[in-house]
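Report on the following structure.
The values are calculated or read from the model by the stated rules, or taken from the named source; none is laboratory data. Because the structure is a prediction, the values reported are computed rather than measured. Protein only, heavy atoms only, side chains kept; ligands, DNA and RNA dropped before computing areas. Shrake-Rupley method; radii C 1.70, N 1.55, O 1.52, S 1.80 Å.
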Amino acid sequence: MKLLRVVDVSKRFDGQPVVRHLRFELEPGEILAVLGPSGSGKTTMLRLIAGFERVDRGEVWLQEKQLSGSGRHVPPEARGIGFVFQDYALFPHLDVLGNVTFGLTRLGAAERRRRAEEVLDLVGLKLFRRRRPHELSGGQQQRVALARALAPEPRLILLDEPFSSLDAGLRESTRDDVRAILKQAGIGAVLVTHDQEEALSFADRVAVVRDGAIEQLGPPEEVYHSPTTPFVASFLGHTN
Ligand code: ADP
């Protein structure tokens, strides 16, 4: 069964189409990068999948569960999807453990602690559990945000420009680490980025978007070497 199915989803803001007939599927454990220029509707696509926005038309399915469409709108917290945003949005007054356990309200205290320790181990931050966010580097904060998203054991996580506030050097190593963590845990992901190098190196498949619609979707090497439209070719920097 597919992990995620986005079926002909469209969204307008103030009458302007922002997402147009979005359609793609994700296999379990697959990583898809949505690549496109600023303002092309990438964040809105993620927000529609997350449930922060309602679809105007179309459907979103997570495995056998319909999340959006046909009058249905499952709220974000009930979707079973993890999110990591560009600015991490950690709680400054809570330590690392507090940040990671925050959303695990359905578990008892001991189980919550056990799960938090497990994901902190996964992201390599077990020894930092008592630190507050301001006592961590950008890369470490990013990992706390990832640990928090992974703690409820989602099958899918959504990543909105998660590496763009990191320094160039740290960006590449953090990206590789996050990719390895997702692959090890078998978690699928949709990553939104305007950075083609990031999309091509992080994802199993890349969707290039323009004005709210997918122009081309395929494996990184195919999209890079065989762009099917002039827009994709010029966005990826091909001169001919
Ligand atoms: P990207 O992530 O590719 O930069 P966005 O999805 O953030 O693109 O934005 C796409 C377009 O939708 C932009 O023109 C933006 O101004 C507009 N937009 C996004 N969210 C809203 C909103 N809540 N209300 C009105 N317009 C919005």
### Query
Taking the Cα centre of each part, how many Å lie between segment 138-160 and segment 18-57?
18
### Task
Kindly express, to the nearest 10 degrees and within the range 0 to 90, the angle between helix 109-122's C-alpha long axis and the longest C-alpha principal axis of the chain.
60
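What percent do you get for the relative contact order of the chain when only Cα pairs under 8 Å and 6+ apart count? Spell out each step's value before the answer.
Working: 463 pairs, mean separation 63.5, N = 240.
Dividing the mean separation by the residue count of the chain yields 26 percent.
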### Task
On the full set of protein chains, 1.4 Å probe, figure out the accessible area of H134 and give it in Å² to the nearest 10.
140
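Let me check against my output: what whole-number percent is the relative contact order of segment 1-134, with C-alpha pairs under 8 Å and at least 6 apart?
On the way: 173 pairs, mean separation 26.1, N = 134.
Rounded, it is 20 percent for segment 1-134.
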### Task
Give me the angle, in degrees from 0 to 90, between the Cα long axis of helix 138-150 and the longest principal axis of the Cα atoms of the chain, rounded to the nearest 10.
90
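Hey, if we sort H73, H225 by accessible area with the 1.4 Å probe, largest down, what's the order? Provide the component values of the computation, followed by the final result.
Details: H73 45, H225 130 Å².
From most exposed to least exposed: H225, H73.
How large a share of the accessible area of segment 90-164, in percent, is made up of carbon and sulfur atoms when the probe is 1.4 Å and the other protein chains stay in place? Write out the running numbers ahead of the final one.
Details: 1790 of 3550 Å².
About 50 percent, which is the carbon plus sulfur part of the accessible surface.
So what are segment 71-118's ellipsoid semi-axes, whole angstrom, largest first, if each one is the square root of 5 times an eigenvalue of the alpha-carbon gyration tensor?
Whole-Å semi-axes of the equivalent ellipsoid: 22, 17, 9.
Return a single number: how many Lys pairs in the chain, at a sequence separation of 8 or more or on separate chains, have alpha-carbon atoms below 23 angstrom apart.
Numbers: K2/K42; K2/K65; K2/K183; K11/K42; K11/K65; K126/K183.
Count of close lysine pairs: 6.
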#### Entry: Percentage of interatomic Cα-Cα distances in the chain larger than 32 Å
20
#### Entry: Whole-number accessible area per residue in Å² for segment 82-181, which is evaluated in the context of all protein chains at 1.4 Å
49
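Report relative contact order for segment 38-111 in percent, whole number only (criteria: Cα-Cα under 8 Å, sequence separation at least 6). Please report the intermediate quantities before stating the final value.
Details: 45 pairs, mean separation 13.8, N = 74.
Contact order relative to length: 19 percent.
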### Message
From the protein chains alone at 1.4 Å, what is the descending order of accessible area for R112, R57, R79, largest first?
### Response
R57, R112, R79
## Note on the structure
The helix 168-185 Cα axis meets the longest alpha-carbon principal axis of the chain at an angle in degrees, between 0 and 90 and rounded to 10, of 80
